[in-house]
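Single-structure report; data block below.
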Amino acid sequence: MSRFLNVLRSWLVMVSIIAMGNTVQSFRDHSFLSEKLYTGKPSLVNGLQARTFGIWTLLSSVIRCYCAIDIRNKTFNSITQSGKELHAEKGLFVQILQRFH
């Protein structure tokens, strides 16, 4: 396997582990969401939003981890790439909703 693929696999595993930590944190205490991520209107952040963020982050973490295990699987590679785009769109959607509240 090439050096680039080994670095990519290591990166995906590291990001996946960090995302799992964010998942646990969002279920334990949702105050970090209002302090670090959604600082525009922190009063709108509640437990439901934190759990939704946690489930989304857990799902993307599992997909990244599976992609790191089977790096040559084109389907999961495509899902991993589109997952990053969807995550960016989700953040933009939340920002738009916060502006209209």
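Read-outs throughout are calculated quantities, based only on the coordinates presented, and are distinct from any laboratory measurement. Small disclaimer: the values here were computed from a predicted structure and weren't measured. Cβ sites come from the backbone with ideal geometry, for glycine too, and all protein chains shown count toward neighbours.
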- Item | Charge sum, other residues only, whose C-beta stays under 13 Å from LEU8's C-beta, Lys/Arg counted +1 and Asp/Glu -1 | +3
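So if we plug the beta-carbon distance of LYS74 and SER43 into 1/(1 + (r/R0)^6) with R0 = 30 Å, what FRET efficiency do we get, rounded to 0.05? Don't skip to the answer; put the middle values down first.
Values: r = 44 Å, r/R0 = 1.47.
Here the calculated transfer efficiency is 0.10.
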